[in-house]
1. What number of residues in segment 149-158 are part of a loop (DSSP other than H, G, I, E, B) and either in contact (Cβ under 8 Å) with a residue 24 or more places away in the chain or surrounded by 16 or more Cβ atoms within 10 Å (Cβ to Cβ) (or both)?
2. What single numbered condition from (1) more than 24 Å from residue 46 (Cβ to Cβ); (2) at pLDDT 95 or above; (3) not assigned by TED's automatic domain parsing to the domain that holds residue 225 fails to hold for residue 97?
3. Could you tell me which of the residues 78, 137 is touching a strand residue (DSSP E or B) at 6+ places or on another chain (Cβ under 6 Å), closer than 19 Å to residue 27 by Cβ, surrounded by 13 or more Cβ atoms within 10 Å (Cβ to Cβ) and in contact (Cβ under 8 Å) with a residue 40 or more places away in the chain?
4. Restricting attention to segment 169-191, which residues are part of a loop (DSSP other than H, G, I, E, B) and buried (at least 18 other Cβ atoms within 10 Å of the Cβ)?
5. What residue, of 127, 87, 106, 91, is at pLDDT 95 or above, touching a helix residue (DSSP H, G or I) at 6+ places or on another chain (Cβ under 8 Å) and either under 17 Å from residue 232 (Cα atoms) or not assigned by TED's automatic domain parsing to the domain that holds residue 189 (or both)?
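The values are calculated or read from the model by the stated rules, or taken from the named source; none is laboratory data. As the structure is a prediction and not an experimental result, all values here were calculated from the model. Neighbour counts run over all protein chains shown; Cβ positions are idealised from the backbone, glycine included.
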């Protein structure tokens with residue numbers, strides 16, 4: 001059953017969510033390192049210490065598709081180009097299409113370590129799965145309904161060790177509790193479209209997976225959340 005759903009999912013994307021990835025510019029620089037991770041450049045104002053690798057553009061009909069699928073396309077392309085750092089130079093969209101221009105770089109482990117130290121901390125970010133203008137984005141924070149613009153994220157500045165319960169209904173869920181120590185990495189949630197979808201799509205290190213019957217906010221890893229911050233801002 002699981003593999004059947006995954007096959008249906010891939011067919012669904014290939015038919016409904018066509019997109020193209022174009023390399024606009026590519027460096028002649030080569031290296032022998034095997035790229036295993038990719039990070040968003042936290043300080044995009046200074047890339048002088050980085051080796052430029054390529055500028056790529058993804059565009060296509062989105063039909064309010066999950067833009068985190070495009071993150072996986074960027075991640076896969078970066079690996080083939082030998083890049084381990086990136087930032088979004090431009091994002092644009094209209095009613096039916098989206099376009100993302102991404103600049104990719106390569107650096108050593110020391111810079112990667114320093115870049116990770118600059119990761120966003122002590123916040124909860126909420127993204128709505130659908131970016132339709134007529135869609136109502138809402139969730140419940142400690143049983144209080146919060147509404148926000150579906151095309152932007154909702155950010156919660158947390159206090160150390162205070163309890164934050166993020167749910168889709170007024171019913172409190174212990175599984176949806178968050179409490180932060182000082183200087184903890186921020187967390188990211190996607191609210192499933194329609195709030196009662198049977199099939200939710202979530203991101204893991206190996207790509208996008210389907211989870212069946214989870215009527216709750218979908219928590220995603222920092223890397224995907226950081227990407228979405230640039231889309232929903």
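1. Matching residues across segment 149-158 total 5.
2. Among (1) more than 24 Å from residue 46 (Cβ to Cβ); (2) at pLDDT 95 or above; (3) not assigned by TED's automatic domain parsing to the domain that holds residue 225, residue 97 violates only (2).
3. Details: 137 fails: closer than 19 Å to residue 27 by Cβ.
Sole residue among the options that is touching a strand residue (DSSP E or B) at 6+ places or on another chain (Cβ under 6 Å), closer than 19 Å to residue 27 by Cβ, surrounded by 13 or more Cβ atoms within 10 Å (Cβ to Cβ) and in contact (Cβ under 8 Å) with a residue 40 or more places away in the chain: 78.
4. Of everything in segment 169-191, those that are part of a loop (DSSP other than H, G, I, E, B) and buried (at least 18 other Cβ atoms within 10 Å of the Cβ) turn out to be 180, 186.
5. 87
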